[in-house]
Amino acid sequence: MRFRSTADPTVRVDLRTAVLHALPAPDALYVPERIDPLPPEFWREASRLPFPALALRLARALLGDELGERVLQRIVEDAFDFEVPLVPLSGRLHVLELFHGPTLAFKDFAARFMARLMAVLAPAGGDALHVLVATSGDTGSAVAHGFRGVPGIRVHVLYPAGRVSRIQEAQLTTIGDNVAALEVDGTFDDCQRLVKAALLDPDLGRRLRLASANSVNVARLVPQSFYYAWARSRLGPDASVVFAVPSGNLGNLTAGLFAQRLGMPVRAFVAAQNVNDTLVRYLATGRVEPRETAATLSNAMDVSRPSNLARIVDLYGADAARARADVHGFRFDDEQTRAAMREVSTRYGYLVDPHGAVAYLGLESFRAQVERDVVGVFLATAHPAKFPELVERETGRRVELPPELREALARPKQARRLAADFGALREYLLDLCG
Ligand SMILES: *Cc1c(COP(=O)(O)O)cnc(C)c1O
């Protein structure tokens with residue numbers, strides 16, 4: 001498989017380049033050159049396949065055979081060693097729980113797959129590959145856990161001191177092993193600036209092999225198509241299925257659209273956004289008009305310039321009307337999100353995190369405004385225990401902390417304090433060369 005740039009179709013690269021150098025140009029991303037549908041028999045018989053076997057088939061379709069089947073098989077078996085439950089709440093309503101990975105959010109799918117793929121693709125040699133990640137919270141821990149124990153790779157996570165939640169900090173700073181946490185005296189933007197500066201510094205580049213676990217990497221997108229195919233295969237060949245996706249940077253939604261291009265039978269996708277609703281407005285008007293980002297309860301979706309929008313625009317030939325045939329956009333504010341958390345709890349006895357609650361609302365809106373008689377699946381992207389105070393306040397119920405989280409909270413914090421200053425990061429990195 002070759003990958004082409006969304007900005008210039010004549011730019012085509014191989015898998016290694018697309019993964020290790022994720023940005024073809026400042027405002028462009030790589031996409032698979034073409035996505036051909038898998039045969040209808042595959043989709044009819046997919047219900048018999050376990051998750052890794054299904055994942056392998058899709059991975060080969062989207063990435064090609066460059067790595068060989070055995071290598072890909074090892075990657076998917078190793079990356080997806082956790083449950084992906086499709087939980088029925090009623091006959092026509094299901095929740096796809098994507099939070100059973102080590103950091104309890106769906107970013108584990110992408111991060112674990114990408115880490116293993118990078119380890120295979122990084123040129124062999126004696127020196128470690130140093131992966132730098134700036135994080136405002138969730139991405140850093142998923143990426144760090146994803147790379148944990150992967151040979152030949154060391155991860156350095158930069159996070160803003162005092163600006164991540166207690167749970168997020170515990171998840172970032174207690175991993176140890178080949179993962180170092182750097183607590184930066186500054187904001188998330190400072191962390192991002194430092195990472196960029198390091199990646200662009202020619203002297204560092206000569207002495208250390210540096211890479212970034214950038215969120216725009218096509219290797220983070222591909223594995224997210226697997227769970228759509230998995231859920232779809234469990235719902236019977238004739239069901240009219242709608243997936244509701246809590247959407248921010250739009251990686252999750254784009255991966256669902258990839259699965260559809262692979263022939264997955266689906267009635268529609270719902271893009272459920274909080275008040276940061278750039279996609280919802282694009283679908284309505286055909287114009288990309290980012291506004292100032294607003295802070296919301298579903299904070300992982302507080303994105304006003306979603307980078308994967310370029311891929312969605314590309315998939316539909318920049319025709320918003322065509323995109324509207326597959327994707328229905330709805331937006332919800334915090335008040336509605338809280339109400340949905342309460343409603344899901346009282347009506348179904350189920351605790352949902354604020355991101356999943358937005359997805360649930362999107363599905364309800366689709367039923368009310370587009371088509372009632374569908375089998376709905378909403379994606380729960382984070383474990384409710386990551387938002388214990390909010391969940392308890394809205395539902396009156398306590399969330400049990402999963403063992404992973406209890407253990408992380410009990411382990412000692414290991415972080416190195418760093419000034420928000422490139423000189424300090426540079427010194428830290430140079431020390432690694434010995
Ligand atoms: C990142 C994230 C999202 C948004 O997913 P995108 O792929 O960026 O649209 C939703 N929910 C949670 C919990 C997340 O961490």
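The values are calculated or read from the model by the stated rules, or taken from the named source; none is laboratory data. Note that the coordinates shown come from a computational prediction; the quantities given were computed from them, not determined experimentally. Glycine gets a Cβ as well: all are built from the backbone with ideal geometry, and neighbour counts include every protein chain shown. Only protein heavy atoms, including side chains, enter the accessible area calculation; ligands, DNA and RNA are left aside. Shrake-Rupley method; radii C 1.70, N 1.55, O 1.52, S 1.80 Å.
Using just the Cα positions, wrap the stretch 197-281 in a convex hull and report its mean projected area in square nanometres, one decimal place. Provide the component values of the computation, followed by the final result.
Values: hull surface 31.7 nm².
Projected area, direction-averaged: 7.9 nm².
Straight-line cross-link partners of residue 386 among the aspartates and glutamates, defined as a Cα under 19 Å from its Cα and at least 8 positions apart when in the same chain: 83, 97, 108, 138, 169, 302, 334, 353, 394, 400, 404, 407. Calculated [222 nm] ellipticity per residue, helices only, for the chain: -13000 deg cm²/dmol; basis is -39500 (n - 2.57) per DSSP H run with n ≥ 4, divided by all residues, nearest 500. Which part of the stretch 233-259 falls in the paramagnetic zone of residue 49, meaning amide N under 13 Å from the point 7 Å along Cα-to-beta-carbon? Under 13 Å, as judged by backbone N against the label point of residue 49, lie 233-234, 259 of the stretch 233-259.
The distance between label points at residue 428 and residue 92 comes to 5.3 nm (points 7 Å beyond Cα on the Cα→Cβ vector).
Taking the alpha carbon gyration tensor of the stretch 235-318, what are the square roots of 5 times its eigenvalues, largest first, to the nearest whole Å? Don't skip to the answer; put the middle values down first.
Details: eigenvalues 117, 45, 20 Å².
They are 24, 15, 10 Å, listed from largest to smallest.
Rounded to two decimals, the Cα radius of gyration of the stretch 89-202 over 2.2 N^0.38 Å is 1.18.
Put simply, the Cα atoms of the chain extend 64, 51, 42 Å along their principal axes, the longest span coming first.
Out of all DSSP beta bridges in the chain, what portion is antiparallel? Express it as a percent rounded to 5. Don't jump to the answer; show the numbers that get you there.
Details: 10 of 49 bridges.
Counting only bridges with both partners in the chain, antiparallel ones make up about 20 percent.
For the stretch 188-194, the Karplus equation 6.51 cos²θ - 1.76 cosθ + 1.60, evaluated at θ = phi - 60°, returns couplings of 4, 4, 4, 4, 5, 4, 4 Hz by residue, with Gly and Pro reported as x.
How much area per residue is accessible in the stretch 199-261 when the probe is 1.4 Å and only protein heavy atoms are counted (Å²)?
Accessible surface, normalised per residue, equals 29 Å².
The phi torsions of the stretch 149-159, fed into the Karplus equation with coefficients 6.51, -1.76 and 1.60 and a -60° offset, translate into couplings of x, 6, x, x, 10, 10, 10, 10, 9, 9, 10 Hz, rounded to whole numbers, with Gly and Pro shown as x. Out of 217, 173, 358, whose Cα points farthest toward the positive end of the dipole of the chain (charges: +1 Lys, Arg; -1 Asp, Glu; placed on Cβ)? Of the options given, the answer is 217. When the solvent-accessible area of the chain is split by element, carbon and sulfur atoms take up 47 percent of it, the probe being 1.4 Å.
Residue 413 exposes around 110 Å² of accessible area when a 1.4 Å probe is run over every protein chain in place. Once C-alpha pairs closer than 8 Å and six or more residues apart are averaged by separation and normalised to the residue number of the stretch 15-174, the relative contact order reads 16 percent. For the stretch 293-353, the per residue solvent-accessible surface stands at 43 Å², with DNA, RNA and ligands left out and a 1.4 Å probe.
Applying 1/(1 + (r/R0)^6) with r as the Cβ-Cβ distance of residue 12 and residue 291 and R0 = 45 angstrom yields a FRET efficiency of 0.85. Taking a point 7 Å from the Cα of residue 316 along the Cα-to-Cβ direction, the residues of the stretch 237-264 with backbone N closer than 20 Å to it are 241-264.
I need the fraction of alpha carbon pairs in the stretch 125-170 separated by more than 15 Å, rounded to a whole percent. Walk me through the numbers before you get to the answer.
Values: 448 of 1035 pairs.
Of all Cα-Cα pairs in the stretch 125-170, 43 percent lie more than 15 Å apart.
3J(HN,Hα) along the stretch 278-288, derived from phi through the Karplus expression 6.51 cos²θ - 1.76 cosθ + 1.60 where θ = phi - 60°, amounts to 4, 5, 4, 6, 4, 4, 6, 10, x, 10, 8 Hz, with x in place of Gly and Pro. Per-residue SASA remark: residue 261, around 80 Å² accessible (1.4 Å probe; ligands, DNA and RNA not included). Once the 1.4 Å probe is applied to the protein heavy atoms, the stretch 1-133 comes out at 44 Å² accessible per residue.
Computed over the Cα atoms of the stretch 277-358, the ratio of the radius of gyration to the Kirkwood radius (Rg/Rh) comes to 1.05. Note on the stretch 40-155: the alpha carbon radius of gyration divided by the globular reference 2.2 N^0.38 Å gives 1.21.
Per the Debye formula with a single identical scatterer at each Cα and no solvent contribution, what log10 I(q)/I(0) holds for the stretch 310-434 at q = 0.09, 0.13, 0.21, 0.22 Å⁻¹? After summing over all Cα pairs, the log10 values are -0.49, -0.78, -1.14, -1.21.
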